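*Asks:* I have a structure I would like to understand better, so I am pasting it below and will then ask my questions one at a time.
The values are calculated or read from the model by the stated rules, or taken from the named source; none is laboratory data. Just so it is clear, the model here is predicted, and its values are computed rather than measured. Ideal geometry is used to build each Cβ from the backbone, glycine not excepted, and the neighbour counts take in all protein chains shown.
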Protein chains: 2
Amino acid sequence: MKIAIAQLNPTIGNLDLNIQQIIEAAEEAFTLGARLLLTPELSLCGYPPRDLLLNPSFIKNMAEKLSELALQLPDRLAVLIGTVETNPQAASKGEKPLFNSIALLDKGRVQQIFHKRLLPTYDVFDEDRYFEPGYETNYFSLDGIKIGVTICEDLWNDEKFWGKRIYEVNPIEDLVKLDVDLIVNLSASPYTVNKQKVREEMLKHTAIRATIPIVYVNQVGGNDDLIFDGNSFAFNHNGEEICRAKAFERDLVIVEYQKDRKDFLPGAIVALPEKEEEEIFSALVLGVRDYARKCGFTKVVLGLSGGIDSALVAAIASVAMGSKNVLGVLMPSPYSSTHSITDAMALVNNLEINSYKLPIESLMKGYEETLEPLFAGTEFGVAEENIQSRIRGNLLMAIANKFGYLLLSTGNKSEMAVGYCTLYGDMNGGLAVIADVPKTRVYSICNWLNRDREVIPSNIINKPPSAELKPDQKDRDSLPEYEILDDILDQIICEHRSPLQIIATGYEPDLVNKVMKLVARAEFKRRQAPPGIKITDRAFGTGWRMPIASRWLK
Amino acid sequence: MKIAIAQLNPTIGNLDLNIQQIIEAAEEAFTLGARLLLTPELSLCGYPPRDLLLNPSFIKNMAEKLSELALQLPDRLAVLIGTVETNPQAASKGEKPLFNSIALLDKGRVQQIFHKRLLPTYDVFDEDRYFEPGYETNYFSLDGIKIGVTICEDLWNDEKFWGKRIYEVNPIEDLVKLDVDLIVNLSASPYTVNKQKVREEMLKHTAIRATIPIVYVNQVGGNDDLIFDGNSFAFNHNGEEICRAKAFERDLVIVEYQKDRKDFLPGAIVALPEKEEEEIFSALVLGVRDYARKCGFTKVVLGLSGGIDSALVAAIASVAMGSKNVLGVLMPSPYSSTHSITDAMALVNNLEINSYKLPIESLMKGYEETLEPLFAGTEFGVAEENIQSRIRGNLLMAIANKFGYLLLSTGNKSEMAVGYCTLYGDMNGGLAVIADVPKTRVYSICNWLNRDREVIPSNIINKPPSAELKPDQKDRDSLPEYEILDDILDQIICEHRSPLQIIATGYEPDLVNKVMKLVARAEFKRRQAPPGIKITDRAFGTGWRMPIASRWLK
């Protein structure tokens, strides 16, 4: 039996468009001789639909569209569709109103419904907000083959693999007891660096432990801050990988199950990116492309400071949107170094993007004059530095508004963490492209980009980083070296370590306490930041929920 | 037995400060002859601590502080403290790592721990993210009186009162079966308009149904977007209210339980506000005061346009911070009407706040000249309107940065809903004071403020609303009348109604569809808005989780 994996890229809420994609995939799968088509978790509405699920008419809409879809699929092709189901017992039993479900469509109608059993409610996930966990073991039979159905998280609770459980039940164990022939897992699993390796190790472990072949289908595409990387794959019952679909692209691949061998036949395996930098770059490209496309933009604008952050974002944007659809705006001030212009122009030439120069000196004078009566006698300080950044932010938004561009903001994770950025200034934008990329990683990605030819001008990589908001300013005047800062930040943000634990890894107490305090104090800025594309285990954004008016550490 | 209710106002995460408040309350309670002191849910760390709970050292810190606190309390005073407890079985049983708990402190140590059983995970609540529900019925005995302990949501699952259950168990029923003498409920229940009436009706129903006296303790104070209104109260076993503490203020009150009558004695009842407008105004005052105080600000600044929104925010701020700590900045443009200045100055005089005038015409010219080469040949439009708003936003932030003021933003809920506001312009601020107050309610609060004397100049109330970003602009040119708009918005936002359902209430399909589309399209602005003080059942902010790059309705 041939099973087709449709690695789809839905737009959240756009049921008609998503159904069109499913029908196209079904027709292709049928042409290729498939008997069963697998689509990702919530393929009908896209993942995550978030509070759209609170609209009863949205739920009704989905149910209607699902029934219609059943009639539009090829005969003799069974299809698993991700959808939501109303929980009829919610009010009487005190349960959540919905299930996160998979519908088996066959012969023109919904034949069976399966409910997701393990509901992630941590980091960026809020499934307990909407869904009741399913309590039944999910399987169906097709042409005499008994197929176990799991949905995303259902697979992620093997205490032997993780060393602990995070849910009481393990749906895989239950399927093994029922002696299913193969297991499918329909996922919408967000990208983080190196996650695919973890997924494959886990699936290998599971396949071997259960002696059951498993196929894993993932959503692909960018949805606000989350990137879904695709990378769908399958393991045979010996724990050998027999198929892998593309990363960061729509794909449709076939795996063949042989009934007599009770296993998959070997198939085609797309290679994983060799370097983390390549993987991250691809994720960010997809994030920009999909955010722009799904919001209806074809062109993007960004400020080019001559620094490495905006250089990387420009490089990402030129791949995501096409060079001719990228406008880089240079906005020099009297504090800008000459190389800030020459470096930015070298980048513009390398990337073949459009550029424009708007000097801000006269506007700086305008604010100085306007505020003179109030500011007379005060010293140049953060207020004046921020004015410059906000003039630039205002000019960029004016261009974005006038010509319908999407403004991309260029701040990195290290800056966002310590608040080394200006709210309503350089933080402006519809999407914060590298907000989850630490500064040291910004460098390594730029170096990777330059592996064959100079994409990022070497002077941009080699000069000391500077905000250039006052004469001779350098980042290192107010921040530790980025290697040190990024290590401390990772311990704070991703590993939840205490100051004492971090000091024990070899840093000065004063430095650790200073960084801790900077992170806490910058919360008000991050709350107003644009969505930032998540690539690490813990990004600022939907998975980072901190109070502002609070004080834990002094 | 005298029971003291400590209606405390903790600062999130500031354990030392919160403990100081608890000790002061304990000493006062002891002086008044109390045998038992009740404090709100999570009184040790404040509610909601959000992702601070993900730091193991924060949890450890709380456990240590709790033990220390036990030694600092008066003898012969038992105290219930809200804290979190580590779940020792989390990893082995696949449970959440923490419990939301109440510790009974007596005789210098922790005597008992009770776990919250019903964990709200909807709207602004995320308790499933952190906590495992307790499964035991919680009670203790003190001087021969059997006292049932419930924590906030534990009380809110009476299917007779609500017509449905939202959790499987009802902790009150379990306590009734155990024949407890009285029930205490320790809460951190956020304010919404009229919620206190619902709480009291529910508690009355419960007291009568169970024939048990109940005392309800609520947190007070503003924590970012959430206001806790206090209003702690008690009902006797006949369903008569026998005590009510102050609204929107710290308070400590005593209720007396008579063992032989098995009931409370009548006590003092603070009257509720007569009008919703008074109640909302008090909530907003507390919200501004606490956000400023807990973030370390003593002064606030805001833009005064001469319109009703900024007038109301100025009035709130002058009560919250003291008139002399409020700076209103007038920033007229050539499109500003003359009355915008005279009306704003009349308000400044009425409120006795500070003011300053910064005309923006020369800065507008500066942007025009800077952008001329790019914008030549285009028509005046939204880009130019936004530039003005962003000049003002930049000036206000410059003043805030220079002098350490908290900037308050002044947009109302109707504007935030339809995107009639400028990102990085008038949306700028640390706190969006009236972001959850619909425009029609802004008017009714201003009229209430003027009940005895003119606080808000009548011309501000009577003139047609305008953004004054182009000549002769009026809100009604692009939006429906606010009575209509606010009703449609309420149906969309709070009641989750579909376009068809709203049309059925008597509106034109084109109008309803236009408003629906405006709400969806403004999501990117709201994502970057400052925290807005929640007063309705559904505010934009932590309880509104919508995708941006999405499309449901066309």
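To keep it simple, each residue is scored yes or no on (1) in contact with a Pro (Cβ under 9 Å, 6 or more places away or on another chain); (2) of a type in the set (A, V, I, L, M, F, W, C).
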| residue | (1), (2) |
| --- | --- |
| B:Lys324 | no, no |
| B:Pro332 | yes, no |
| B:Tyr356 | yes, no |
| B:Thr370 | yes, no |
| B:Glu379 | no, no |
| B:Ser389 | no, no |
| B:Leu396 | no, yes |
| B:Ala400 | no, yes |
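*Asks:* Search segment B:79-103 for residues being small (Gly, Ala, Ser) and buried (at least 19 other Cβ atoms within 10 Å of the Cβ), and hand back the single one that is nearest to the other protein chains (Cβ to nearest Cβ). Working first, answer last.
*Replies:* Step one: filter segment B:79-103 for residues small (Gly, Ala, Ser), giving B:82, B:90-92, B:94, B:101, B:103.
If we keep only those that are buried (at least 19 other Cβ atoms within 10 Å of the Cβ) too, we end up with B:82, B:101, B:103.
On the way: B:Gly82: 16, B:Ser101: 19, B:Ala103: 20 Å.
It comes out as B:Gly82.
*Asks:* Anything in segment B:380-395 that is part of a loop (DSSP other than H, G, I, E, B) and more than 10 Å from every other protein chain (Cβ to nearest Cβ)? List them, or say none. Full working, then the answer.
*Replies:* Quick first cut of segment B:380-395, residues part of a loop (DSSP other than H, G, I, E, B) only: B:380-381.
Result: B:Phe380, single match.
*Asks:* Considering only segment A:96-114, state which residues are more than 18 Å from A:Val79 (Cβ to Cβ) and not aromatic (Phe, Trp, Tyr). Outline the logic, then answer.
*Replies:* Step one: list which residues in segment A:96-114 are more than 18 Å from A:Val79 (Cβ to Cβ), which gives A:96-99.
Those that are more than 18 Å from A:Val79 (Cβ to Cβ) and not aromatic (Phe, Trp, Tyr): A:Lys96, A:Pro97, A:Leu98.
*Asks:* Okay, moving on. Within segment B:15-22, identify whether any single residue is outside any loop (DSSP other than H, G, I, E, B), more than 10 Å from chain A (Cβ to nearest Cβ), touching a Gly at 6+ places or on another chain (Cβ under 7 Å) and buried (at least 18 other Cβ atoms within 10 Å of the Cβ), and answer yes or no. Explain how you work it out, then say what you get.
*Replies:* As a first pass, look at segment B:15-22 and keep what is outside any loop (DSSP other than H, G, I, E, B): B:15-22.
Of the ones still in play, those that are also more than 10 Å from chain A (Cβ to nearest Cβ) are B:18-22.
Filter once more, so that each one left must be touching a Gly at 6+ places or on another chain (Cβ under 7 Å): B:18.
Then drop every residue that is not buried (at least 18 other Cβ atoms within 10 Å of the Cβ), which leaves B:18.
Yes: segment B:15-22 contains one or more residues that are outside any loop (DSSP other than H, G, I, E, B), more than 10 Å from chain A (Cβ to nearest Cβ), touching a Gly at 6+ places or on another chain (Cβ under 7 Å) and buried (at least 18 other Cβ atoms within 10 Å of the Cβ).
*Asks:* Residues to consider are A:Pro10, A:Pro56; find the one that is surrounded by fewer than 20 Cβ atoms within 10 Å (Cβ to Cβ), within 14 Å of chain B (Cβ to nearest Cβ) and within 28 Å of the chain's Cα centre (by Cα). Full working, then the answer.
*Replies:* On the way: A:Pro10 fails: surrounded by fewer than 20 Cβ atoms within 10 Å (Cβ to Cβ).
One residue alone meets the criteria, A:Pro56.
*Asks:* Within 30 Å of A:Ile280 (Cα to Cα), away from chain B (no Cβ under 12 Å) and either surrounded by fewer than 19 Cβ atoms within 10 Å (Cβ to Cβ) or not polar (S, T, N, Q) (or both): does that describe A:Ser478? Walk me through it before giving the result.
*Replies:* Working: within 30 Å of A:Ile280 (Cα to Cα): yes; away from chain B (no Cβ under 12 Å): yes; either surrounded by fewer than 19 Cβ atoms within 10 Å (Cβ to Cβ) or not polar (S, T, N, Q) (or both): yes.
Yes.
*Asks:* Condition first: more than 11 Å from chain A (Cβ to nearest Cβ) and over 12 Å from B:Arg526 (Cα atoms). Now tell me which residues in segment B:415-428 satisfy that. Talk me through it step by step, then tell me what you get.
*Replies:* Of all residues in segment B:415-428, those more than 11 Å from chain A (Cβ to nearest Cβ) come to B:415-421, B:426.
Answer for segment B:415-428, where residues must be more than 11 Å from chain A (Cβ to nearest Cβ) and over 12 Å from B:Arg526 (Cα atoms): just B:Asp426.
*Asks:* Okay, next question. Name every residue in segment B:257-280 that is within 23 Å of B:Met1 (Cβ to Cβ), surrounded by 16 or more Cβ atoms within 10 Å (Cβ to Cβ) and touching a residue at least 40 places away in the same chain (Cβ under 8 Å), in order of residue number.
*Replies:* B:Tyr257, B:Asp263, B:Phe264
*Asks:* While we're on this one: Anything in segment A:469-518 that is outside any helix (DSSP H, G or I) and touching a residue at least 24 places away in the same chain (Cβ under 8 Å)? List them, or say none.
*Replies:* Restricting attention to segment A:469-518, the residues satisfying the condition of being outside any helix (DSSP H, G or I) are A:469-474, A:479-481, A:494-498, A:504-508.
Result: A:Leu469, A:Lys470, A:Pro471, A:Gln473, A:Leu479, A:Pro480, A:Cys494.
*Asks:* Which residues, counting only those in segment A:396-414, are within 8 Å of chain B (Cβ to nearest Cβ), in contact (Cβ under 8 Å) with a residue 24 or more places away in the chain and either surrounded by fewer than 24 Cβ atoms within 10 Å (Cβ to Cβ) or among the basic types (Lys, Arg) (or both)?
*Replies:* A:Ile399
*Asks:* With respect to B:Gly94, determine if the residue is small (Gly, Ala, Ser) and closer than 23 Å to B:Cys152 by Cα. Working first, answer last.
*Replies:* Values: small (Gly, Ala, Ser): yes; closer than 23 Å to B:Cys152 by Cα: no.
In short, no.
*Asks:* Might you let me know whether segment B:495-515 holds any residue that is buried (at least 20 other Cβ atoms within 10 Å of the Cβ), more than 30 Å from B:Ser550 (Cα to Cα), at pLDDT 95 or above and within 25 Å of the chain's Cα centre (by Cα)?
*Replies:* Taking every residue of segment B:495-515 in turn, none turns out to be buried (at least 20 other Cβ atoms within 10 Å of the Cβ), more than 30 Å from B:Ser550 (Cα to Cα), at pLDDT 95 or above and within 25 Å of the chain's Cα centre (by Cα).
*Asks:* Taking segment B:447-462 as the region of interest, how many residues are more than 25 Å from the chain's Cα centre (by Cα) and either without any contact (Cβ under 8 Å) to a residue 60 or more places away in the chain or not in a loop (DSSP other than H, G, I, E, B) (or both)? Before you say what the answer is, go through the steps one by one.
*Replies:* Filtering segment B:447-462 for residues more than 25 Å from the chain's Cα centre (by Cα) gives B:451-454, B:457-462.
Add one more test, that the residue is either without any contact (Cβ under 8 Å) to a residue 60 or more places away in the chain or not in a loop (DSSP other than H, G, I, E, B) (or both), and what stays is B:451-453, B:458-462.
Residues flagged as more than 25 Å from the chain's Cα centre (by Cα) and either without any contact (Cβ under 8 Å) to a residue 60 or more places away in the chain or not in a loop (DSSP other than H, G, I, E, B) (or both) within segment B:447-462 amount to 8.
*Asks:* Can you confirm whether segment B:185-195 contains a residue that is over 11 Å from the mean Cα position of the chain (by Cα) and closer than 20 Å to B:Ile145 by Cβ?
*Replies:* Scanning segment B:185-195, I find at least one residue that is over 11 Å from the mean Cα position of the chain (by Cα) and closer than 20 Å to B:Ile145 by Cβ, so the answer is yes.
*Asks:* Only one of these is over 20 Å from the mean Cα position of the chain (by Cα), within 14 Å of chain B (Cβ to nearest Cβ) and among the β-branched types (Val, Ile, Thr): A:Val124, A:Val169, A:Val176. Name it.
*Replies:* Values: A:Val124 fails: over 20 Å from the mean Cα position of the chain (by Cα); A:Val176 fails: within 14 Å of chain B (Cβ to nearest Cβ).
Only one candidate qualifies: A:Val169.
*Asks:* When you check B:Leu69 against the structure, is it in contact with a helix residue (DSSP H, G or I) (Cβ under 7 Å, 6 or more places away or on another chain) and either within 12 Å of chain A (Cβ to nearest Cβ) or not aliphatic (A, V, I, L, M) (or both), yes or no? Full working, then the answer.
*Replies:* Working: in contact with a helix residue (DSSP H, G or I) (Cβ under 7 Å, 6 or more places away or on another chain): yes; either within 12 Å of chain A (Cβ to nearest Cβ) or not aliphatic (A, V, I, L, M) (or both): no.
When the stated conditions are applied, B:Leu69 does not pass them.
*Asks:* If you don't mind, there's one more thing I want to ask. Just name the residue that is nearest to B:Ala210 (Cα to Cα) out of those in segment B:131-155 that are surrounded by fewer than 23 Cβ atoms within 10 Å (Cβ to Cβ) and either among the charged types (D, E, K, R) or within 13 Å of another protein chain (Cβ to nearest Cβ) (or both).
*Replies:* So the residue we want is B:Lys146.
*Asks:* Another one. Given the criterion out of contact with any strand residue (DSSP E or B) (no Cβ under 8 Å at 6 or more places or on another chain), over 29 Å from A:Asn223 (Cα atoms) and of a type in the set (Lys, Arg), identify the matching residue among B:Lys525, B:Lys474, B:Lys517.
*Replies:* Details: B:Lys525 fails: over 29 Å from A:Asn223 (Cα atoms); B:Lys517 fails: over 29 Å from A:Asn223 (Cα atoms).
Only one candidate qualifies: B:Lys474.
*Asks:* Restricted to segment B:304-351, and to residues that are over 25 Å from the mean Cα position of the chain (by Cα) and within 14 Å of chain A (Cβ to nearest Cβ), which residue is surrounded by the most Cβ atoms within 10 Å (Cβ to Cβ)?
*Replies:* B:Met331
*Asks:* Now a separate question. Whether any residue in segment B:52-64 is under 22 Å from B:Gln7 (Cα atoms) and out of contact with any Ser or Thr (no Cβ under 8 Å at 6 or more places or on another chain) is what I want to check.
*Replies:* Checked segment B:52-64: no residue is under 22 Å from B:Gln7 (Cα atoms) and out of contact with any Ser or Thr (no Cβ under 8 Å at 6 or more places or on another chain).
*Asks:* Pull up segment A:519-554, narrow it to residues that are part of a helix (DSSP H, G or I) and closer than 24 Å to B:Met62 by Cβ, then point me to the one that is farthest from the chain's Cα centre (by Cα). Reasoning before the result, please.
*Replies:* First, pick out the residues of segment A:519-554 that are part of a helix (DSSP H, G or I): A:519-521, A:523-527.
Applying the additional criterion that residues be closer than 24 Å to B:Met62 by Cβ yields A:519-521, A:523.
Details: A:Val519: 22, A:Ala520: 24, A:Arg521: 26, A:Glu523: 21 Å.
Among residues in segment A:519-554 that are part of a helix (DSSP H, G or I) and closer than 24 Å to B:Met62 by Cβ, the one farthest from the chain's Cα centre (by Cα) is A:Arg521.
*Asks:* Okay, moving on. Which members of segment A:352-365 meet the condition of being charged (D, E, K, R) and either facing chain B (nearest Cβ under 9 Å) or in a loop (DSSP other than H, G, I, E, B) (or both)? Lay out the reasoning, then the answer.
*Replies:* Of all residues in segment A:352-365, those charged (D, E, K, R) come to A:352, A:357, A:361, A:365.
Within segment A:352-365, A:Glu352, A:Lys365 qualify.
*Asks:* Look at B:Phe524 and say whether it is buried (at least 21 other Cβ atoms within 10 Å of the Cβ), among the aromatic types (Phe, Trp, Tyr) and either out of contact with any His (no Cβ under 9 Å at 6 or more places or on another chain) or within 14 Å of another protein chain (Cβ to nearest Cβ) (or both). Break it down stepwise before answering.
*Replies:* Details: buried (at least 21 other Cβ atoms within 10 Å of the Cβ): no; among the aromatic types (Phe, Trp, Tyr): yes; either out of contact with any His (no Cβ under 9 Å at 6 or more places or on another chain) or within 14 Å of another protein chain (Cβ to nearest Cβ) (or both): yes.
So B:Phe524 does not fit the description; no.
*Asks:* Output the residue which, of all residues in segment A:27-53 that are within 14 Å of chain B (Cβ to nearest Cβ), farther than 24 Å from A:Tyr139 by Cα and not aliphatic (A, V, I, L, M), is surrounded by the fewest Cβ atoms within 10 Å (Cβ to Cβ).
*Replies:* Result: A:Asp51.
*Asks:* Separate question: Considering every residue within segment B:366-379, establish whether at least one is facing another protein chain (nearest Cβ under 10 Å) and aromatic (Phe, Trp, Tyr).
*Replies:* yes
*Asks:* Which of the residues spanning segment B:163-221 are among the aromatic types (Phe, Trp, Tyr) and surrounded by 22 or more Cβ atoms within 10 Å (Cβ to Cβ)?
*Replies:* First, pick out the residues of segment B:163-221 that are among the aromatic types (Phe, Trp, Tyr): B:167, B:191, B:216.
Those that are among the aromatic types (Phe, Trp, Tyr) and surrounded by 22 or more Cβ atoms within 10 Å (Cβ to Cβ): B:Tyr191, B:Tyr216.
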